[in-house]
Each structure stands twice: as C-alpha cells, then as structure tokens.
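Colleague: Pasting in a structure now, in structure tokens, and then I'll have a few things to ask.
The values are calculated or read from the model by the stated rules, or taken from the named source; none is laboratory data. Bear in mind that the values here come from a model prediction, so they are computed numbers and not experimental data. Here the Cβ positions follow ideal geometry from the backbone for every residue, glycine too, while neighbour counts run over all protein chains shown.
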Amino acid sequence: MRKLFTGLCFGALLWSLLWAQTAPAAVAPALSADPVLEKRVLALSEQLRCLVCQNQTIAESHADLAVDLRNQVREQLGQGRSEQQVIDYMVARYGDFVMYRPPVKSVTWLLWYGPALLLAGGFAVLAVQLHRRRSIDPELPDADLARAATLLEPAPSIKERP
C-alpha cells in the first residue's frame, strides 16, 4: 500500500512538472517599430502611476492594467497626440491620482501636505503627553511609602551551609 502511495505521489509530481513545462509563456506586448515613439512612450509611462500597484509607474509595473495603459499611451502617441494631450486624457479618465507626481492644487493639498500635518500633529500630541507627565507630582500615602521602604531594605544575609 505504501509503495502504491509513493508511486502515485511521484507520478503526480512528474506529471505536474511536465505540465508546467508545456504551459504557454506570457506574450510580451508588441512594441512599436519606431524607437523614437518607444522612447516617448517610456518617458510618458514614467510619469503615470499604476492604479493597481499605486507605488510604481506604469513603466515599472507588470500588472495587466499597467500594460493596457502603456498600450493606450503608445496608441495615442502613434496617432499624433502630444504628451500633454495624453496626460490630459488619462487625468480626465482616472483623475489626478494617475499622475505619479500630481500637481499641487486645492484638491490635492491633503495629498501633498497631509503627511507633514500628521507628523506635526503627532509631535504636538507627544509634547502634550510629556508635559502632562512632568507636571503630575505623584504623592504617595504614608502607608505606601513605608511599604516601599521595607521592600527596598536589604535582606538579612543567609549563612552559607557547609
């Protein structure tokens, strides 16, 4: 029974390895034959944020949406649109968040200055807590002071056993 189980496990492992070798590889997106266009696509892709990854540009990301956005950029630049027109299209469709470095305007002030405000607020809370802690003068009752004194007295030495 044990040999049968071992044989089945080995067969399943072998089958999965062979199946993995025959799996189709991901197809790389077709690039433009024009190297100048590809350079423009790359430069513009470095200015746009991947909406899935959020901390990568669409040039760095391998997410499906990033690939689609790069293809849209390539297509629009190939149709003769300027970089600014493509950016305006992306912002109109996805909002300022699609820009890797969004512009500073009244709608994005919190995005730009929010971390600094949170840091300043954290320091203010810390300062208030430290001030309160320093201003509180703990006065213990006499019974507690006497108990603390007895606990802090050195213990009588124990004679060593022979």
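Colleague: State yes or no: is Gly95 out of contact with any Leu (no Cβ under 8 Å at 6 or more places or on another chain) and more than 15 Å from Gln47 (Cα to Cα)?
Modeller: When the stated conditions are applied, Gly95 does not pass them.
Colleague: Now for a separate question. Among the helices (runs of 4 or more DSSP H) contained in the stretch 52-162, which hold 2 or more residues that are farther than 20 Å from Glu38 by Cα and of a type in the set (Val, Ile, Thr)?
Modeller: 109-135
Colleague: Same structure, new question: Could you figure out which of (1) at pLDDT below 95; (2) under 20 Å from the mean Cα position of the chain (by Cα) isn't true of Leu119?
Modeller: Answer for Leu119: the failing condition is (1).
Colleague: Now for a different question. Going through Asp34, Asp64 one at a time, which residue ends up being among the acidic types (Asp, Glu), loosely packed, with under 14 Cβ neighbours inside 10 Å, farther than 21 Å from Thr108 by Cβ and modelled with pLDDT of 90 or more?
Modeller: None of the others qualify; the one that does is Asp64.
Colleague: So which residues in the stretch 53-85 are under 15 Å from Tyr100 (Cβ atoms) and touching a residue at least 40 places away in the same chain (Cβ under 8 Å), if there are any at all?
Modeller: Answer for the stretch 53-85, where residues must be under 15 Å from Tyr100 (Cβ atoms) and touching a residue at least 40 places away in the same chain (Cβ under 8 Å): Thr57, Arg70, Glu83.
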